[in-house]
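Below: one structure, written as structure tokens.
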Amino acid sequence: MNPAESPAVVHLVPGNTLITKTPEEGRQLAVKMARLIIKTTQPDATVRERLRSVYTEDASMLIAITQTVALEFATIAAANNYWK
């Protein structure tokens, strides 16, 4: 593969930290991290765009997405000791 064709590096933990000032910021980080997982799993933006119409109409896929965000938030909450 030509270096010009290689995919951009995706940083799965933005800013390389899970520490946030508030639980709301933590939740927003969880959503961002879940989106980055999708981008990493399917790096082709054209394919992601085409699939968007599929999962937006499928309740089980939407529930799976919320579960991914919840797992990411649980990790962030633990790192920030939100449940003290």
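The values are calculated or read from the model by the stated rules, or taken from the named source; none is laboratory data. This is a predicted model, so every value here is computed, not measured. Using ideal geometry, Cβ is built from the backbone for each residue, glycine included, and neighbour counts are taken over all protein chains shown.
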| note | Checked 75, 41 against criteria (hydroxyl-bearing (Ser, Thr, Tyr) and within 12 Å of the chain's Cα centre (by Cα)); the one match is 41
| said: Report every pair of residues separated by at least 6 positions or lying on different chains whose Cβ atoms are under 6 Å apart, first residue within the range 43-62 and free of Cβ contacts under 8 Å to residues at least 40 places away in the same chain, second outside any helix (DSSP H, G or I) and surrounded by 10 or more Cβ atoms within 10 Å (Cβ to Cβ). | reply: 43/7; 48/42
| said: Against the condition modelled with pLDDT of 95 or more and either assigned to a helix (DSSP H, G or I) or exposed (fewer than 10 other Cβ atoms within 10 Å of the Cβ) (or both), how does residue 84 come out, does it pass? | reply: no
| Residues being among the polar types (S, T, N, Q) and surrounded by 13 or more Cβ atoms within 10 Å (Cβ to Cβ) - total across the range 46-68 | 1
| field | Close pairs (9 angstrom Cβ cut-off, 6 or more residues apart or separate chains): without any contact (Cβ under 8 Å) to a residue 40 or more places away in the chain in the range 16-32, assigned to a loop (DSSP other than H, G, I, E, B) and surrounded by 14 or more Cβ atoms within 10 Å (Cβ to Cβ) anywhere | value | 28/20
| request: Filter the range 12-45 down to the residues that are among the charged types (D, E, K, R) and part of a loop (DSSP other than H, G, I, E, B), then identify the one that is surrounded by the fewest Cβ atoms within 10 Å (Cβ to Cβ). | output: 21
